[in-house]
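S.K.: Below is a structure I'd like to ask you about.
The values are calculated or read from the model by the stated rules, or taken from the named source; none is laboratory data. Because the structure is predicted, anything quoted here is derived from the model rather than measured. Cβ atoms come from the backbone with ideal geometry, glycine included; neighbour counts cover every protein chain shown. Heavy atoms of the whole protein, side chains included, go into the accessibility calculation; ligands, DNA and RNA do not. Shrake-Rupley method; radii C 1.70, N 1.55, O 1.52, S 1.80 Å.
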Amino acid sequence: MTDVHPAQWEADTCSVCPAQLLHAGEFDVIDRPGPDSRYEPARGYRVNVHTGAPTCVHPYRVGLPPAAYASAGVPVPEILDEPPAPTPAALALPVDVTDLEGWLIAVLRDAGPDRMYGALAAAETEAAARFPERTVVAALRRVLSVELARGR
């Protein structure tokens with residue numbers, strides 16, 4: 001896992017994820033976005049407001065369990081049998097539209113293939129109650145293009 005190059009994560013991670021620019025172990029991973037992980041435009045990714053460490057907020061997208069890899073030197077797992085499953089917190093509709101795609105991916109991955117249709121319809125309805133319909137449809141298109149290509 002430590003040999004993963006940032007380009008390998010490009011389609012799987014948010015545009016504000018440090019995995020877009022850094023290697024595994026050079027950023028921390030937490031279970032969901034929040035006030036402790038703000039985006040810093042000058043750096044191009046989220047950072048932990050307490051430690052200053054680059055921070056990924058979607059472990060199920062980067063494929064690493066939550067841990068303080070950069071800030072506390074936690075070793076990156078060599079092999080993971082399965083990527084981490086979305087946590088219940090990750091399945092809560094976000095307040096910020098920048099986290100919409102991550103939420104949609106969490107919902108779809110949590111649903112699995114047998115419940116995909118129902119989960120997709122419910123997610124679209126729930127998201128459209130908070131965000132503009134055009135934004136929701138665009139996010140769904142981007143998410144589905146990546147998820148379908150991955151065979152999920």
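S.K.: Please give the contour-minus-distance gain from R134 to L91: 0.36 nm per residue of separation, less the Cα-Cα distance, rounded to one decimal in nm. Before the final figure, lay out each step's value.
M.R.: Values: separation 43, 0.36 × 43 = 15.48 nm, distance 2.13 nm.
Using 0.36 nm per residue and subtracting the Cα-Cα distance, I get 13.3 nm.
S.K.: Under the Karplus relation 6.51 cos²θ - 1.76 cosθ + 1.60, θ = phi - 60°, what is the ordered set of whole-Hz ³J(HN,Hα) values for segment 12-25, x standing for Gly and Pro?
M.R.: For segment 12-25, the Karplus curve yields 8, 10, 5, 5, 9, 8, x, 5, 5, 10, 10, 7, 3, x Hz.
S.K.: Where the accessible area of the chain is counted over protein heavy atoms with a 1.4 Å probe, how much of it, in %, is carbon and sulfur?
M.R.: On the way: 4470 of 8080 Å².
For the chain, the apolar C and S fraction of the accessible surface comes to 55 percent.
S.K.: Can you compute 3J(HN,Hα) from phi for each residue in segment 127-139, using the Karplus curve 6.51 cos²θ - 1.76 cosθ + 1.60 with θ = phi - 60°, rounded to whole Hz and x for Gly and Pro?
M.R.: Once θ is set to phi - 60°, the couplings for segment 127-139 become 5, 5, 6, 10, 10, x, 4, 4, 5, 5, 4, 4, 5 Hz.
S.K.: Taking a probe of 1.4 Å, how large is the accessible area per residue of the chain, in Å²? Please report the intermediate quantities before stating the final value.
M.R.: Values: 8080 Å² over 152 residues.
Ligands and nucleic acids excluded, the figure is 53 Å² per residue.
S.K.: Quickly work out the E126-to-L21 label distance, labels modelled 7 Å from Cα along the C-beta direction, and quote it in nm with one decimal.
M.R.: 3.2 nm
S.K.: Taking amide H positions as placed in the peptide plane 1.01 Å from N, state which residues far from T55 in sequence (5 or more) or on other chains have amide H under 5 Å from it.
M.R.: For T55, whose amide H was placed from the backbone, the distant partners under 5 Å are D28, R46, V47, N48.
S.K.: Here is a follow-up. Anyone know which of P41, P59, P88 comes out most mobile in the 10 Å Cα GNM of the chain?
M.R.: P41
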